[in-house]
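Bear in mind that the values in this text are calculations on the coordinates, not laboratory data. Note that the coordinates shown come from a computational prediction; the quantities given were computed from them, not determined experimentally. Neighbour counts run over all protein chains shown; Cβ positions are idealised from the backbone, glycine included.
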Amino acid sequence: MTTSEVNDVTGATVWLTGLPSAGKTTLAYELAGLLRPEGHRVEVLDGDEIREFLSAGLGFSREDRDTNVQRIGFVAELLASQGVLVLVPVIAPYAESRDAVRRRHQKEGTAYLEVHVATPVEVCSERDVKGLYAKQAAGEIAGLTGVDDPYEEPESPDLRIEAHEQSVAESAAALLGLLRERGLA
Ligand SMILES: Nc1ncnc2c1ncn2[C@@H]1O[C@H](COP(=O)(O)OS(=O)(=O)O)[C@@H](OP(=O)(O)O)[C@H]1O
Ligand SMILES: Nc1ncnc2c1ncn2[C@@H]1O[C@H](COP(=O)(O)OP(=O)(O)O)[C@@H](O)[C@H]1O
């Protein structure tokens, strides 16, 4: 690849927000699997991994969640500005915090897309991938997003996916369609 080809590559951050077990991580990896064979550089900033390293020690208070989201937003923008498609399956429950990440991208002239993975809490709690809904119901944990902690739904996301009403492949295709529409893939 020549230098000019490298410089032509447009990066972006695609933030997948939604409740625990909504399907954010599943969809991010499915989309990554569609993009990589096309030659795109893709990074998935997985919430769990970030909390193990970049955000080690942070909990789930509003303040800690905001700090976590701003750190991820900072790293995502850096990568996206260098031509990487950055997929971020992170709850980010507060609108103000998500907007701050969007503003950071706008200020730097870096593409940013907000996607709401809108699986309802009833479906998420049935899936309960990590057993958190059961633990909350049993009184073992408190402050679970969407149950006894806030989740502020995006009012006007770039895309809202009713992930429970379609297959993983269909949702990933919708995401790819959005990227194509915006000239990012
Ligand atoms: N109290 C509470 N509320 C919400 N989520 C909780 C909680 N405790 C642990 N977890 C698990 O932490 C995973 C990562 O959360 P995030 O970093 O995405 O959350 S946040 O944006 O900082 O709010 C998140 O991962 P996902 O299930 O992939 O969304 C949860 O499984
Ligand atoms: N249509 C769908 N879209 C996304 N995930 C789905 C769908 N149907 C079932 N699932 C399952 O739901 C679970 C979602 O878990 P995960 O992707 O870890 O959610 P999150 O990252 O939002 O916590 C996975 O086990 C996935 O296989």
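In region 162-172, what residues are over 16 Å from VAL90 (Cα atoms), of a type outside the set (S, T, N, Q) and either crowded, with 17+ Cβ neighbours inside 10 Å or without any contact (Cβ under 8 Å) to a residue 12 or more places away in the chain (or both)? Result: HIS164, GLU165, GLU170, ALA172. If you go through region 137-161 and keep only what is without any contact (Cβ under 8 Å) to a residue 60 or more places away in the chain and at positive phi, you end up with just GLY139. Sub-6 Å Cβ pairs linking a first residue in region 85-96 that is farther than 11 Å from THR145 by Cβ to a second residue that is aromatic (Phe, Trp, Tyr), at least 6 apart or interchain, are VAL88/TRP15, ordered by first then second residue. Residue check: is SER125 hydroxyl-bearing (Ser, Thr, Tyr), touching a helix residue (DSSP H, G or I) at 6+ places or on another chain (Cβ under 6 Å) and within 10 Å of ligand 1 (Cβ to nearest atom)? Taking the combined requirement at face value, the residue does not satisfy it. The set of residues from region 47-65 being surrounded by fewer than 18 Cβ atoms within 10 Å (Cβ to Cβ) and either away from ligand 2 (no atom under 16 Å from the Cβ) or closer than 16 Å to THR13 by Cα (or both) comprises PHE53, LEU54, ALA56, GLY57, LEU58, GLY59, SER61, ARG62, GLU63, ASP64.
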